[in-house]
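**Student:** Okay, handing you the structure first.
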Amino acid sequence: MTITSTHTEPDLRGFLLAHAGFRTEYGRLAVAAGAVRDAGHAALIEDQLRMVTDHLEHHHGDEDAWMWPVLRSRQPSAVAALDALEEQHEHIDPLLHQIRDTTRGLPNRIDAMEQLHRLLNTHLDNEERDAVPILRAVVLPDEFKAAADRALASVPKREIPALFGWMASCGTPQQVASVMTTFPLPVRLLFRLVWWPAYRRRYNSLYGSDLRRHADR
């Protein structure tokens, strides 16, 4: 599966939808971890936590591997701001390790989830203020598309429906609709008819409420 782009600047719609997912999910999970109903619910929370954290680690790994070096080389005046963003990853990483530690019960990881929620939102505010304008200005569409395709290819196929559902549950309806136009019609139909209804059921099992947003597109 590849993402199409017709923009003259990099198509950051999926990138920013992922940001919306990261901004939201650790706060949701912290609440759920404080109200575990039974072993099945705990297992589902752990699975959601693993999926979101895997994706965040890939996201940050891609930024460290190619995005920061490219932006530094093409916009030398922004090196200090970009270095600060990369340094923030180093403060986020220990929290990711803590919340992934399944030897500790979920309630014992709530503080780490809440800290990560706050730190990640601050980091993403800074990244969208300092790095995204440079990214739009200096990175070619095909370069960014190749990176987006690599990121999607790294996701296990069985996990793609839940990944799409999670991100869609966090973005605005307009944002999600715009991102979906970048995918082929069969994928859009799968999302509407299969993936989104399945994610609504998952969300209800996770968080105990129905997810109505973005249901009809």
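**Student:** Does VAL79 count as touching a residue at least 60 places away in the same chain (Cβ under 8 Å) and within 30 Å of PRO141 (Cα to Cα)?
**Tutor:** Numbers: touching a residue at least 60 places away in the same chain (Cβ under 8 Å): no; within 30 Å of PRO141 (Cα to Cα): yes.
So VAL79 does not fit the description; no.
**Student:** Given (1) open to solvent by 50 Å² or more (accessible area, probe 1.4 Å); (2) within 30 Å of PHE183 (Cα to Cα); (3) not in a loop (DSSP other than H, G, I, E, B), identify the lone condition not met by THR8.
**Tutor:** THR8 satisfies every listed condition except (3).
**Student:** Right, LEU206: surrounded by 14 or more Cβ atoms within 10 Å (Cβ to Cβ) and at pLDDT 95 or above or not?
**Tutor:** yes
**Student:** Does HIS19 fit the bill of being assigned to a helix (DSSP H, G or I) and open to solvent by less than 10 Å² (accessible area, probe 1.4 Å)?
**Tutor:** Here the answer is yes, as HIS19 does meet what is asked.
**Student:** Another one. Would you mind stating whether ALA30 is of a type in the set (A, V, I, L, M, F, W, C) and in a helix (DSSP H, G or I)? Explain how you work it out, then say what you get.
**Tutor:** Details: of a type in the set (A, V, I, L, M, F, W, C): yes; in a helix (DSSP H, G or I): yes.
Answer is yes for this residue.
**Student:** Same structure, new question: Go through the stretch 25-47 and count every residue that is within 9 Å of LEU206 (Cβ to Cβ) and open to solvent by less than 20 Å² (accessible area, probe 1.4 Å).
**Tutor:** Going through the stretch 25-47 one residue at a time, the tally reaches 4.
**Student:** Out of all the residues in the stretch 52-85, which are open to solvent by 40 Å² or more (accessible area, probe 1.4 Å) and more than 22 Å from SER154 (Cα to Cα)?
**Tutor:** ARG72, SER73, ARG74, GLN75, PRO76, SER77, VAL79, ALA80, ASP83, ALA84, listed by residue number.
**Student:** Do you know which residues across the stretch 139-171 are modelled with pLDDT under 95 and in contact with a Lys or Arg (Cβ under 8 Å, 6 or more places away or on another chain)?
**Tutor:** none
**Student:** Find all pairs meeting these conditions: Cβ atoms under 8 angstrom apart; at least six residues apart or on different chains; first residue within the stretch 172-192 and within 18 Å of ARG158 (Cα to Cα) and modelled with pLDDT of 95 or more; second residue crowded, with 16+ Cβ neighbours inside 10 Å and among the acidic types (Asp, Glu).
**Tutor:** From the stretch 172-192, no pairs qualify.
**Student:** Follow-up question, since we're still on this one. State whether one or more residues within the stretch 32-44 are under 24 Å from VAL155 (Cβ atoms) and touching a Cys at 6+ places or on another chain (Cβ under 7 Å).
**Tutor:** Looking for residues that are under 24 Å from VAL155 (Cβ atoms) and touching a Cys at 6+ places or on another chain (Cβ under 7 Å), one finds none in the stretch 32-44, hence no.
**Student:** Another one. Out of the residues in the stretch 165-203 meeting the condition of being among the polar types (S, T, N, Q) and crowded, with 19+ Cβ neighbours inside 10 Å, tell me which one is farthest from the chain's Cα centre (by Cα). Let's see the steps before the verdict.
**Tutor:** Within the stretch 165-203, the first condition is being among the polar types (S, T, N, Q), and the residues that meet it are 169, 172, 174-175, 178, 181-182.
Subsequent filtering for residues that are crowded, with 19+ Cβ neighbours inside 10 Å retains 169, 182.
Working: SER169: 11, THR182: 17 Å.
Looking at the filtered set, the residue picked out is THR182.
**Student:** Here is a follow-up. Could you list, in sequence order, the residues of the stretch 99-116 that are open to solvent by 60 Å² or more (accessible area, probe 1.4 Å) and under 20 Å from GLY21 (Cα atoms)?
**Tutor:** Taking the stretch 99-116 first, the residues open to solvent by 60 Å² or more (accessible area, probe 1.4 Å) are 100, 102-104, 107-108, 111, 114-115.
Scanning the stretch 99-116 gives ARG100, ASP111, GLU114, GLN115.
Conditions (1) over 25 Å from GLU25 (Cα atoms); (2) aliphatic (A, V, I, L, M), marked per residue:
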position: VAL79; (1), (2): yes, yes
position: ALA84; (1), (2): no, yes
position: GLN88; (1), (2): no, no
position: ARG100; (1), (2): no, no
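**Student:** Can you run down the residue pairs with Cβ atoms below 6 Å, 6 or more apart or on separate chains, where the first is in the stretch 103-130 and closer than 18 Å to ASP47 by Cβ and the partner is open to solvent by 40 Å² or more (accessible area, probe 1.4 Å) and in a helix (DSSP H, G or I)?
**Tutor:** Hits for this filter: ALA112/GLN98.
The values are calculated or read from the model by the stated rules, or taken from the named source; none is laboratory data. Quantities reported herein were computed from a predicted structural model and do not represent experimental measurements. Note that we place each Cβ from the backbone using ideal geometry, even for glycine, and neighbour counts take in every protein chain shown. Each accessible area value is taken on the protein alone, full model and side chains, heavy atoms only, with ligands, DNA and RNA left out. Shrake-Rupley method; radii C 1.70, N 1.55, O 1.52, S 1.80 Å.
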